[in-house]
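The structure under discussion appears below in the form of structure tokens.
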Amino acid sequence: MNVTLRRYLLALWSVPFIYAGAADAQSYPTRPVRIVVPYSPGGSTDVVFRILAPRLTEDLGQPVLVENRPGGSSTIGLDIAAKSPPDGHTLGVPNITFGANPSLRKNMPFDTEKDLVPVSQISMVTLVLSVHPSVPARSVKALIALAKAKPGSLNYGSAGNASANHLATERFKYMTGINMVHIPYKGGGPAVVSLVGGETALLFATIPSSFQHFQSGKLVALGVSTLKRNVALPDVPTIAEAGVPGFESAEWNGVVVPTGTPSAVIDRLHRAFAKALSIPEVRERMIGLGADPVGSSPAEFSAFIKKEIATWAKVIKEVGITVE
């Protein structure tokens with residue numbers, strides 16, 4: 001058999017498989033789609049995806065369910081996603097921890113850069129330096145002065161080791177020269193509950209998880225973590241303008257799928273999320289809670305993640321952040 005004939009027969013043999021792949025992508029999804037949120041209910045990431053889930057259900061034609069799998073600094077939930085069949089029916093939700101974990105944890109259960117593929121960045125979320133009303137500080141400068149006067153007397157909560165709250169507070173400690181005790185929880189929701197209950201003194205809370213408590217007076221907002229004020233809390237100054245020049249730290253979240261997921265399925269998911277994020281009602285709800293919609297392409301999100309990994313590797317070494 002000559003080379004030309006062999007190539008011709010191989011080409012004919014491969015055609016059914018090409019069309020089968022296309023057919024699978026066109027019929028996707030064939031069953032409910034689960035979004036694995038690696039934190040407890042009530043945190044910003046959970047809130048954002050519960051806003052999106054009903055819209056995604058309408059677009060994809062299958063139920064889209066949010067499943068909370070907290071623990072391990074988000075690695076438990078993302079490991080579930082990484083080890084799921086690569087067919088687009090299980091999605092993982094990375095956030096700021098995703099970029100920091102490779103530099104903080106020696107034994108990762110999955111390879112951050114190889115086992116999960118980016119679909120889209122969903123939002124950027126402002127953090128708010130929040131204190132319990134019993135803390136005698138009503139400004140960033142007053143809090144710093146209190147912490148310096150009583151080193152180690154204040155404790156702060158977080159959604160877990162390497163969470164956005166943890167990383168932001170450690171950066172705040174480093175830039176202000178103060179000493180506080182870290183108390184990690186299994187998610188942003190429990191961390192906020194502990195602060196409202198007075199178990200902790202302060203928290204870099206996300207606006208979606210704490211906004212109602214600012215309104216009721218159960219928590220006091222001292223400053224936002226971004227370089228610009230947030231429209232949801234227009235009267236709250238940035239931490240940079242309130243006494244810590246150059247301070248900036250923001251939460252983000254997105255969607256990833258297991259490596260090997262067909263590109264057509266990834267594109268379908270990206271379109272579904274982009275469409276949901278373009279709905280005025282959805283945007284209004286997210287922005288009102290401090291979560292700015294993004295909806296980037298898979299390529300853009302991939303570049304963003306690579307930058308995050310490099311940035312946090314540098315910051316963690318410089319600041320000396322560790323996980324307990």
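The structure-derived value of Rg and Dmax of the Cα atoms in Å appears in the list (1) 19.5, 65; (2) 21.8, 87; (3) 22.7, 92 under the label (2). Relative to the longest principal axis of the Cα atoms of the chain, helix 140-149 runs at roughly 70 degrees.
Taking 14 Å as the straight-line reach from the Cα of K218, the aspartates and glutamates in range (excluding those fewer than 8 positions away in the same chain) are E199.
Could you pull out every residue, at least 5 positions away or on a different chain, whose amide H is within less than 5 Å of the one on L154? Hs are placed 1.01 Å off N in the peptide plane, and Pro or chain starts have none. HN-HN under 5 Å from L154: V181. Residue by residue, segment 297-303 carries 3J(HN,Hα) couplings of 6, x, 5, 5, 5, 4, 5 Hz when phi is fed to the Karplus relation 6.51 cos²θ - 1.76 cosθ + 1.60 (θ = phi - 60°); x denotes Gly or Pro.
Checked against a 28 Å cut-off, the cross-linked pairs K186/K307; K148/K307; K150/K228 give Cα-Cα distances beyond that limit for K148/K307; K150/K228. For the chain, modelled as a Gaussian network with Cα springs under 10 Å, which listed residue fluctuates most, I96, I122, I309? Taking springs between Cα atoms under 10 Å, the residue moving most is I309. When the helices of the chain are scored as -39500 (n - 2.57) per DSSP H run of n ≥ 4 and the total is divided over every residue, the value at 222 nm lands at -14500 deg cm²/dmol.
For K114, a cut-off of 13 angstrom between C-alpha atoms picks up these aspartates and glutamates, skipping any fewer than 8 places away in its own chain: D79.
Put simply, the amide H of G223, placed in the peptide plane, has neighbours under 5 Å in L129, leaving out anything fewer than 5 places away on its chain. Using θ = phi - 60° in the Karplus curve 6.51 cos²θ - 1.76 cosθ + 1.60, the 3J(HN,Hα) couplings for segment 207-223 round to 4, x, 8, 10, 3, 5, 6, 5, 5, 7, x, 6, 9, 10, 8, 9, x Hz; x is entered for Gly and Pro. Cross-link partners of K306 among aspartates and glutamates, defined as those whose alpha carbon lies under 12 angstrom from its own and excluding same-chain residues fewer than eight positions apart: E113. Backbone phi angles across segment 152-165, fed through the Karplus curve with coefficients 6.51, -1.76 and 1.60 (θ = phi - 60°), yield HN-Hα couplings of x, 8, 9, 10, 10, x, 7, 7, x, 4, 6, 6, 4, 4 Hz in residue order; Gly and Pro are listed as x. Comparing Cα centroids, segment 232-288 and segment 154-230 end up 19 angstrom apart. Beta bridges from DSSP with both residues in the chain: antiparallel share about 60 percent, rounded to the nearest 5. Springs between alpha-carbon atoms under 10 Å, Gaussian network over the chain: tell me which of A310, A168, A205 tops the mean-square fluctuations. Comparing A310, A168, A205 in a Gaussian network model of the chain, the most mobile one is A310.
For the chain, the residue among N95, A137, F214 whose Cα projects farthest onto the positive side of the dipole built from Cβ charges is A137.
Since every read-out is calculated from the coordinates, none of them should be taken as a lab result. Not measured: the values here are computed from a predicted model. Cβ coordinates were reconstructed from backbone atoms using ideal geometry, including for glycine residues, and neighbour counts include every protein chain displayed.
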